[in-house]
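First up is the structure itself, then whatever we jot down about it.
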Amino acid sequence: MAHHTTPPAAGTVSIGPSTADAYRLLPLPETLTGPHLDGHVCVWGGETLTPHTAVDLGSRRIGDRRAFPRACRGCTAKVAMLGLQIHGRDCDDCDGDCAVGRALGRIIRAATR
Ligand SMILES: [Zn+2]
Ligand SMILES: [Zn+2]
């Protein structure tokens, strides 16, 4: 009787959004002014940011310009928690291995450190 070995299944590691991509999942307010778009003040709360308090949300195109939105840690944590709740409502995988859920969790942990 031939002994048959099954090769291990090819890696099925789900590559979820990186943390940088996860920041792009966070909803930005619809009306942002110059200081918001340039990353001088928090996009959600309008607080003045310093390099120590600012969370870089990742550059992106907004309207017809390139924006560099940043936020304070408090607002980032709040918005990420809200985003996680909203995402979790429609997500069947969040109890297990959900890449989006994990990425949002990383943001929350980083912002509340
Ligand atoms: Zn803020
Ligand atoms: Zn999920």
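What follows is calculated from the coordinates using simple rules that are stated; it is not laboratory data. Because the structure is a prediction, the values reported are computed rather than measured. Methodologically, a virtual Cβ is constructed for each residue, glycine included, from the backbone with ideal geometry; neighbour enumeration extends over all protein chains shown.
Quick notes on this structure:
- Criterion (within 16 Å of ligand 2 (Cβ to nearest atom), among the acidic types (D, E) and farther than 17 Å from P17 by Cβ) met by exactly one of D64, D38, D92: D92
- L57 vs. criteria away from ligand 2 (no atom under 16 Å from the Cβ) and under 14 Å from L104 (Cα atoms): yes
- Where strands (runs of 3 or more DSSP E) fall wholly inside region 26-108, the ranges with 1 or more residues that are surrounded by fewer than 19 Cβ atoms within 10 Å (Cβ to Cβ) are 54-56, 60-62, 65-67.
So that you can scan it fast, the table gives a plain yes or no per residue for (1) more than 16 Å from ligand 1 (Cβ to nearest atom); (2) closer than 20 Å to R113 by Cα; (3) touching a residue at least 12 places away in the same chain (Cβ under 8 Å):
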| residue | (1), (2), (3) |
| --- | --- |
| W44 | no, yes, yes |
| G74 | no, yes, yes |
| H87 | yes, no, yes |
| C91 | yes, no, no |
| G101 | yes, yes, yes |
